[in-house]
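Worksheet for the structure shown next.
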Amino acid sequence: MEQFLIGVDMGGTNVRMGIITPDGNVVRKDHYPIDASKRALELIETLILKLKDLIQKELKDPKQLIGIGVGIAGLINMKKGIISESPNIRDLKDFRLRDFLEKEIPYPIALENDANAFTLGEGWMGAAKGCKHYCGITLGTGVGGGMVVEGRILHGTEGMAGEVGHMVIDPEGPLCSCGGRGCLEVYASGTAVRRMALEAVAKENGLFKLSQGDLKNLNSENVFEAAKSGEIAAKKIFHEMGVYLGLGLVNLIHLFNPEKIVIGGKVSEAWEYFFPSAIRTVQERSMKGPRETVEIVKARCGDDAGMLGAAYSALIRTRLDR
């Protein structure tokens, strides 16, 4: 009997889920929007209903399903299956998500941080396929990351390792949402690009024009469009972002000596504008040995990466449970 996994990528605005074979082939995908006005329990109950519906409609025999993986933003206590903190769903804090899901859906459930899921997805079916030592970085509203060492994702003591976005780049830098200052996230995320754009608005009317005259509308996508249209100020912002991202990459290279570093996320679409200064920083500041053995590449799995990685985490759990 053919076996399947389900991977779930629970983001801030959408939930993506798919039925995936144990060799990484996506046979069915679905997605639905998250209603941010609803409380955590309602959102989880909606997820359960969607999963049950997917299983009933798409699988001939429920026994074909061997596990479900759920990737979600936040700090996850992997040992206990508890969401310690989630930036997207505030009242999910200290929620025993794994136990709750397994009570409602009788299959093995694997939880994973969303950036770790992205990293695992790119290692399973994407840009880092075949690598045993690699790092993943997601550049979105914030900066997430994951590290794979000897073929296994690095979870740390409680499952909270890999917070790449909160490595300190400049101790005197801007305040970060984590409460610290000068984290990579305040320099290399969509939020960071917006901050730098707002700082440039007073000097550069072009950026202000792209926000339709309302600074509330100004975002990293506007800045990307401005860069594509030749706006010098926008290009400078991505150049600066690349320099700081490069410093983060140097730290990862020295700490983990990876074969590859895979960079994805919405902001990575501006690759041609930030990557040259990032790689130049790496070349100038990293030690020759680890620098020459690492390849820094763009992600390949697109929006499927988190879903694939979540499914892969479920596959690993089923193997460990045997």
Just checking, does the stretch 31-39 include any residue being modelled with pLDDT under 95, under 20 Å from I76 (Cβ atoms), of a type outside the set (F, W, Y) and not in a strand (DSSP E or B)? yes
Give me the residue from the stretch 95-119 that is in a helix (DSSP H, G or I) and more than 14 Å from the chain's Cα centre (by Cα) and, out of that set, nearest to G151 (Cα to Cα). R98
Would you mind stating whether A161 is outside any strand (DSSP E or B) and within 15 Å of A299 (Cα to Cα)? no
Applying the selection to the stretch 102-122, what residues are among the small types (G, A, S) and either farther than 18 Å from I83 by Cβ or surrounded by fewer than 24 Cβ atoms within 10 Å (Cβ to Cβ) (or both)? G121
Selection from the stretch 264-300 of residues that are within 17 Å of A234 (Cβ to Cβ) and hydrophobic (A, V, I, L, M, F, W, C): V267, A270, W271, F274, F275, A278
Hey, among the residues in the stretch 105-132 that are of a type outside the set (A, V, I, L, M) and in contact with a Lys or Arg (Cβ under 8 Å, 6 or more places away or on another chain), which one's farthest from I44 (Cα to Cα)? C131
The listed residue being in contact with a Ser or Thr (Cβ under 9 Å, 6 or more places away or on another chain) and closer than 20 Å to A127 by Cβ, out of G302, G309: G309
Among the residues that make up the stretch 69-81, is at least one of them in a strand (DSSP E or B), buried (at least 17 other Cβ atoms within 10 Å of the Cβ), touching a Leu at 6+ places or on another chain (Cβ under 6 Å) and modelled with pLDDT of 95 or more? yes
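The values are calculated or read from the model by the stated rules, or taken from the named source; none is laboratory data. Here the structure is a predicted model, which means the values were calculated and not measured. Backbone-built Cβ (ideal geometry, glycine too); neighbour counts: all protein chains shown.
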